[in-house]
Amino acid sequence: MASKTRLYVDHPLKEEQSILLSREQAHYLFGVMRLSVGGQVLLFDGMNGEFLADVVEAGKRGGTLLIASQTRPLQMPPDLWLMFAPIKKARTDFIVEKAAEMGASRIVPVQTEFTNSGRIQRDRLQAHAVEAAEQCGGTYVPQVDEMKRLDRVLNDWDETRQIMFCDETTADDPATPFEAQKDQAVGPWAIVIGPEGGFSEKERNRLRGLPYAHVAQLGPRILRADTAAVAAMTLWQTALGDWA
Ligand code: SAH
């Protein structure tokens, strides 16, 4: 049997609640997914877990669902931020989608000295994170921040949050696997990925000098930023996160 359609709802859900659908939600459930009265859908709100709901009214412009039961509790990802310098639109979308699937708790676009893209459409990126959570079975949706300057983010840094600094210049070094840094695991973390142009010397020196930053190598080849984001999250989740 095909798996049930999952829908993110941006208000708190509980059992026996009825949900009035917006025009877009009705279009998606009844127009695209072909559900009708008596059909069932899974809902999540990013806070209270996942719920099974029955379709009680289905129209072109709206409809009503009734929550029958809770199916899963909220499953929080580890406290891991993905910080990255936005690149071309489609590749930035990819990074956000993958970060949501792979279990980032927050997505922080940062402007670095060599960042080519001066702005982002935060709402669009947030919608990508929602969609990714809907399709991967997640019950949590990471927040996508507005873009901030890397130097300012570092000025305000909470020193209990460790940094996995993905430094492309290590590609030529004898490997220092991130796995080896497991001992320093506890507490919150952030992965930092640079833009196509890499980090400036100033940024690299600053990041390398931070006592809570750990330099990470992602193999002996230079990866594109989108590949690097996925590779870094895989390493982190395997060494320290919820994949273990
Ligand atoms: N233009 C740069 C490459 C930037 S790659 C150059 O030619 O040197 C984009 C980002 O991906 C980098 O800033 C880094 O954060 C990450 N990255 C790519 N390959 C990496 C590697 N082998 N080790 C660590 N980080 C890497």
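The values are calculated or read from the model by the stated rules, or taken from the named source; none is laboratory data. Since we're looking at a predicted model, the values are computed, not measured. Positions of Cβ are generated from backbone atoms using ideal geometry, with glycine treated the same way; all protein chains shown enter the neighbour counts.
Residue-level check: of (1) in contact with a helix residue (DSSP H, G or I) (Cβ under 6 Å, 6 or more places away or on another chain); (2) within 23 Å of G241 (Cα to Cα), T112 misses just (2). Exactly one residue out of F84, F30 is in contact with a Ser or Thr (Cβ under 9 Å, 6 or more places away or on another chain) and either assigned by TED's automatic domain parsing to the domain that holds T227 or among the polar types (S, T, N, Q) (or both): that is F84.
Would you check if Q40 is within 26 Å of M76 (Cβ to Cβ), surrounded by fewer than 14 Cβ atoms within 10 Å (Cβ to Cβ) and modelled with pLDDT of 95 or more? In short, yes.
Taken together, P211, P220 contain a single residue that is away from the ligand (no atom under 16 Å from the Cβ), more than 23 Å from the chain's Cα centre (by Cα) and part of a loop (DSSP other than H, G, I, E, B), which is P211. Would you check if there is a residue in region 223-234 being modelled with pLDDT under 95 and assigned by TED's automatic domain parsing to the domain that holds A99? The answer is no; no qualifying residue exists.
Results for (1) within 27 Å of the chain's Cα centre (by Cα); (2) among the hydroxyl-bearing types (S, T, Y), shown as yes or no for each residue.
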site: L13; (1), (2): yes, no
site: S18; (1), (2): no, yes
site: E24; (1), (2): yes, no
site: V32; (1), (2): yes, no
site: S36; (1), (2): no, yes
site: G39; (1), (2): no, no
site: M47; (1), (2): yes, no
site: E57; (1), (2): no, no
site: R61; (1), (2): no, no
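For A232, state whether it is touching a residue at least 12 places away in the same chain (Cβ under 8 Å) and under 22 Å from the mean Cα position of the chain (by Cα). Here the answer is yes, as A232 does meet what is asked.
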